[in-house]
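The values are calculated or read from the model by the stated rules, or taken from the named source; none is laboratory data. Computed from a prediction, not measured in an experiment: that's the story for all the values here. Backbone-built Cβ (ideal geometry, glycine too); neighbour counts: all protein chains shown. For the accessible areas, the whole protein counts, side chains as well, though only heavy atoms, and no ligand, DNA or RNA atoms are used. Shrake-Rupley method; radii C 1.70, N 1.55, O 1.52, S 1.80 Å.
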Amino acid sequence: MSKVVVMEHPLIQHKIGVIRRKETGSRDFRAMISEIASLITYEATKELKLQDVEIETPICKTVAKELAGKKMAIIPILRAGLGMVDGMLAMIPSAKVGHIGLYRNEETLEPVEYYCKIPADCSEREVFVVDPMLATGGSSTAAIQMLKERGVKNIHFICIIAAPEGVKKMQELHPDVDIYIGALDEHLNEHGYIVPGLGDAGDRIFGTK
(Lines give C-alpha, C1' and ligand atoms only; values in the text may rest on other atoms or scores of the structure.)
Protein backbone atom coordinates (compact mmCIF):
# COMPACT_ATOMS: atom_id res chain seq x y z
CA MET A 1 0.00 0.00 0.00
CA SER A 2 1.20 3.50 -0.79
CA LYS A 3 2.58 5.80 1.85
CA VAL A 4 0.40 8.79 2.79
CA VAL A 5 2.37 11.61 4.40
CA VAL A 6 0.49 14.57 5.87
CA MET A 7 2.78 17.52 6.57
CA GLU A 8 3.10 18.67 10.15
CA HIS A 9 5.76 21.35 9.68
CA PRO A 10 4.69 24.64 11.33
CA LEU A 11 5.68 26.75 8.29
CA ILE A 12 3.52 24.64 5.99
CA GLN A 13 0.56 24.80 8.37
CA HIS A 14 0.92 28.57 8.78
CA LYS A 15 1.03 29.20 5.03
CA ILE A 16 -1.96 26.92 4.42
CA GLY A 17 -3.85 28.99 6.99
CA VAL A 18 -3.08 32.10 4.95
CA ILE A 19 -4.29 30.67 1.62
CA ARG A 20 -7.50 29.37 3.20
CA ARG A 21 -8.60 32.94 4.00
CA LYS A 22 -11.06 34.27 1.46
CA GLU A 23 -9.54 37.76 1.66
CA THR A 24 -6.11 36.51 0.46
CA GLY A 25 -5.66 37.96 -3.05
CA SER A 26 -4.23 36.24 -6.13
CA ARG A 27 -0.70 37.64 -5.78
CA ASP A 28 -0.28 36.44 -2.20
CA PHE A 29 -2.13 33.20 -2.96
CA ARG A 30 0.26 32.40 -5.84
CA ALA A 31 3.31 33.19 -3.74
CA MET A 32 2.12 31.01 -0.87
CA ILE A 33 1.20 28.09 -3.16
CA SER A 34 4.74 28.21 -4.56
CA GLU A 35 6.33 28.37 -1.10
CA ILE A 36 4.21 25.50 0.22
CA ALA A 37 5.14 23.42 -2.84
CA SER A 38 8.83 24.04 -2.08
CA LEU A 39 8.43 22.93 1.51
CA ILE A 40 6.48 19.79 0.62
CA THR A 41 9.10 18.94 -2.03
CA TYR A 42 11.76 19.18 0.67
CA GLU A 43 9.88 16.52 2.65
CA ALA A 44 8.94 14.37 -0.36
CA THR A 45 12.56 14.07 -1.53
CA LYS A 46 14.19 13.21 1.79
CA GLU A 47 14.55 9.53 0.88
CA LEU A 48 16.39 10.14 -2.40
CA LYS A 49 19.57 8.09 -2.56
CA LEU A 50 23.00 9.69 -2.31
CA GLN A 51 26.41 8.61 -3.54
CA ASP A 52 29.95 9.58 -2.59
CA VAL A 53 31.92 11.72 -5.01
CA GLU A 54 35.48 12.99 -4.68
CA ILE A 55 35.79 16.76 -4.95
CA GLU A 56 38.36 19.42 -4.26
CA THR A 57 37.61 22.30 -1.91
CA PRO A 58 39.80 25.44 -1.80
CA ILE A 59 41.65 23.66 1.02
CA CYS A 60 41.99 20.00 0.01
CA LYS A 61 40.45 16.96 -1.65
CA THR A 62 37.51 15.37 0.15
CA VAL A 63 34.51 13.11 -0.35
CA ALA A 64 31.12 14.82 -0.67
CA LYS A 65 27.59 13.60 -1.28
CA GLU A 66 25.52 14.00 -4.43
CA LEU A 67 22.20 12.65 -5.62
CA ALA A 68 22.50 9.19 -7.11
CA GLY A 69 20.48 7.26 -9.63
CA LYS A 70 17.30 8.46 -11.26
CA LYS A 71 16.73 12.04 -12.34
CA MET A 72 13.45 13.81 -11.59
CA ALA A 73 10.47 15.19 -13.45
CA ILE A 74 7.58 17.40 -12.34
CA ILE A 75 4.22 16.83 -14.04
CA PRO A 76 1.56 19.42 -13.11
CA ILE A 77 -2.09 18.69 -13.86
CA LEU A 78 -3.37 21.72 -15.78
CA ARG A 79 -4.15 24.31 -14.89
CA ALA A 80 -3.88 24.68 -11.11
CA GLY A 81 -0.85 22.41 -10.91
CA LEU A 82 1.15 25.08 -12.74
CA GLY A 83 1.09 27.16 -9.57
CA MET A 84 3.30 24.59 -7.80
CA VAL A 85 6.00 24.16 -10.46
CA ASP A 86 8.26 27.16 -9.75
CA GLY A 87 8.36 26.39 -6.05
CA MET A 88 9.38 22.80 -6.75
CA LEU A 89 12.00 23.84 -9.31
CA ALA A 90 13.53 26.08 -6.67
CA MET A 91 14.31 22.87 -4.74
CA ILE A 92 15.12 20.58 -7.70
CA PRO A 93 16.23 22.92 -10.53
CA SER A 94 17.52 20.10 -12.75
CA ALA A 95 14.09 18.44 -12.95
CA LYS A 96 12.33 18.34 -16.31
CA VAL A 97 8.73 19.50 -16.53
CA GLY A 98 5.85 17.83 -18.38
CA HIS A 99 2.16 18.77 -18.53
CA ILE A 100 -1.10 16.85 -18.37
CA GLY A 101 -4.42 18.46 -19.32
CA LEU A 102 -7.77 16.95 -18.36
CA TYR A 103 -11.36 18.14 -18.48
CA ARG A 104 -14.47 16.55 -17.05
CA ASN A 105 -17.10 15.16 -19.42
CA GLU A 106 -20.32 16.80 -18.20
CA GLU A 107 -22.41 13.73 -19.07
CA THR A 108 -20.23 10.91 -17.73
CA LEU A 109 -18.38 13.11 -15.19
CA GLU A 110 -15.24 11.18 -16.18
CA PRO A 111 -11.92 12.97 -16.85
CA VAL A 112 -10.95 13.26 -20.53
CA GLU A 113 -7.38 13.86 -21.71
CA TYR A 114 -6.84 16.89 -23.94
CA TYR A 115 -3.09 17.38 -23.55
CA CYS A 116 -0.11 15.28 -22.50
CA LYS A 117 3.50 16.28 -23.08
CA ILE A 118 6.12 14.59 -20.92
CA PRO A 119 9.92 14.24 -21.10
CA ALA A 120 10.99 11.47 -23.50
CA ASP A 121 12.95 9.69 -20.77
CA CYS A 122 10.19 9.94 -18.14
CA SER A 123 10.20 6.17 -17.62
CA GLU A 124 13.71 6.52 -16.18
CA ARG A 125 12.87 9.39 -13.82
CA GLU A 126 11.38 9.87 -10.37
CA VAL A 127 8.14 11.60 -11.36
CA PHE A 128 6.19 13.99 -9.12
CA VAL A 129 2.60 14.56 -10.29
CA VAL A 130 1.29 17.77 -8.73
CA ASP A 131 -2.10 19.39 -8.22
CA PRO A 132 -3.00 21.73 -5.34
CA MET A 133 -6.30 19.93 -4.61
CA LEU A 134 -7.05 16.22 -4.26
CA ALA A 135 -10.86 16.22 -4.08
CA THR A 136 -12.66 13.23 -5.66
CA GLY A 137 -9.40 11.86 -7.03
CA GLY A 138 -10.80 11.68 -10.56
CA SER A 139 -8.21 13.88 -12.27
CA SER A 140 -5.20 12.68 -10.31
CA THR A 141 -5.94 8.97 -10.76
CA ALA A 142 -6.58 9.52 -14.49
CA ALA A 143 -3.35 11.50 -14.90
CA ILE A 144 -1.32 8.82 -13.15
CA GLN A 145 -2.94 6.13 -15.30
CA MET A 146 -1.97 8.10 -18.42
CA LEU A 147 1.64 8.16 -17.23
CA LYS A 148 1.67 4.44 -16.44
CA GLU A 149 0.35 3.69 -19.92
CA ARG A 150 3.36 5.60 -21.26
CA GLY A 151 5.76 3.44 -19.27
CA VAL A 152 6.33 5.67 -16.24
CA LYS A 153 6.96 3.61 -13.10
CA ASN A 154 8.34 5.73 -10.26
CA ILE A 155 5.44 8.08 -9.51
CA HIS A 156 4.73 10.25 -6.47
CA PHE A 157 1.79 12.60 -5.97
CA ILE A 158 1.99 15.97 -4.20
CA CYS A 159 -0.99 18.14 -3.25
CA ILE A 160 -1.61 20.97 -0.82
CA ILE A 161 -5.15 20.14 0.33
CA ALA A 162 -6.76 16.69 0.21
CA ALA A 163 -10.13 15.18 1.07
CA PRO A 164 -10.33 11.65 2.54
CA GLU A 165 -12.44 10.56 -0.45
CA GLY A 166 -9.66 11.46 -2.89
CA VAL A 167 -6.96 9.77 -0.82
CA LYS A 168 -9.07 6.60 -0.66
CA LYS A 169 -9.57 6.54 -4.44
CA MET A 170 -5.86 7.12 -5.06
CA GLN A 171 -4.93 4.25 -2.78
CA GLU A 172 -7.49 1.93 -4.38
CA LEU A 173 -6.45 2.64 -7.98
CA HIS A 174 -2.73 3.36 -7.50
CA PRO A 175 -1.49 1.57 -4.37
CA ASP A 176 2.10 1.97 -5.59
CA VAL A 177 2.03 5.80 -5.59
CA ASP A 178 3.12 7.64 -2.44
CA ILE A 179 1.00 10.69 -1.58
CA TYR A 180 2.33 13.86 0.08
CA ILE A 181 -0.33 16.19 1.48
CA GLY A 182 -0.07 19.66 3.00
CA ALA A 183 -3.34 19.30 4.95
CA LEU A 184 -5.93 16.52 5.08
CA ASP A 185 -9.39 18.13 5.33
CA GLU A 186 -12.75 16.82 6.56
CA HIS A 187 -14.85 15.82 3.54
CA LEU A 188 -16.32 16.82 0.18
CA ASN A 189 -19.56 18.78 0.05
CA GLU A 190 -22.44 18.07 -2.34
CA HIS A 191 -20.73 20.15 -5.05
CA GLY A 192 -17.45 18.24 -4.83
CA TYR A 193 -15.57 21.01 -3.01
CA ILE A 194 -13.20 20.17 -0.17
CA VAL A 195 -14.42 21.32 3.27
CA PRO A 196 -13.09 23.55 4.79
CA GLY A 197 -10.78 23.77 1.77
CA LEU A 198 -9.88 27.04 0.09
CA GLY A 199 -12.26 27.27 -2.87
CA ASP A 200 -11.17 26.78 -6.49
CA ALA A 201 -7.36 26.80 -6.47
CA GLY A 202 -7.08 27.50 -10.21
CA ASP A 203 -9.35 30.55 -10.05
CA ARG A 204 -7.49 31.89 -7.03
CA ILE A 205 -4.04 31.34 -8.53
CA PHE A 206 -4.87 32.99 -11.85
CA GLY A 207 -7.40 35.56 -10.64
CA THR A 208 -10.17 34.27 -12.91
CA LYS A 209 -12.95 34.53 -10.37
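Structure summary
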{"read-out": "10 °C / 1.306 mPa s Stokes-Einstein diffusion coefficient of region 114-165, Kirkwood radius on C-alpha pairs, µm²/s", "value": "136"}
{"read-out": "Highest to lowest packing among 34-42, 114-122, scored as the average C-beta count within 10 Å", "value": "34-42, 114-122"}
{"read-out": "Ranking by accessible area, most exposed first, for 91, 146 with a 1.4 Å probe", "value": "91, 146"}
{"read-out": "Residues whose placed amide H lies under 5 Å from that of residue 198, excluding near-sequence neighbours", "value": "none"}
{"read-out": "Theoretical ellipticity at 222 nm over the chain - DSSP helices of four or more residues, -39500 (n - 2.57) apiece, nearest 500", "value": "-10000 deg cm²/dmol"}
{"read-out": "nm² value of the averaged projected area, convex hull over the Cα atoms of region 98-199", "value": "6.4"}
{"read-out": "Cα extents of the chain along the three principal axes, largest first (Å)", "value": "64, 39, 30"}
{"read-out": "Mean Cβ neighbour count within 10 Å, used as a protection proxy, ranking 59-72, 156-169 highest first", "value": "156-169, 59-72"}
{"read-out": "Listed peptides 80-89, 15-24 by packing density, highest first (mean Cβ within 10 Å)", "value": "80-89, 15-24"}
{"read-out": "DSSP beta bridges in the chain [antiparallel fraction, %, rounded to 5]", "value": "40"}
{"read-out": "Accessible carbon and sulfur surface of the chain relative to its total accessible area, %, 1.4 Å", "value": "52"}
{"read-out": "For residue 43, net neighbour charge (Lys/Arg +1, Asp/Glu -1) across residues whose Cβ lies under 14 Å away", "value": "-1"}
{"read-out": "Accessible area per residue in Å² at 1.4 Å probe, computed on the chain", "value": "54"}
{"read-out": "Between helix 82-91 and the chain: long-axis angle, C-alpha atoms, 0 to 90°, nearest 10", "value": "20"}
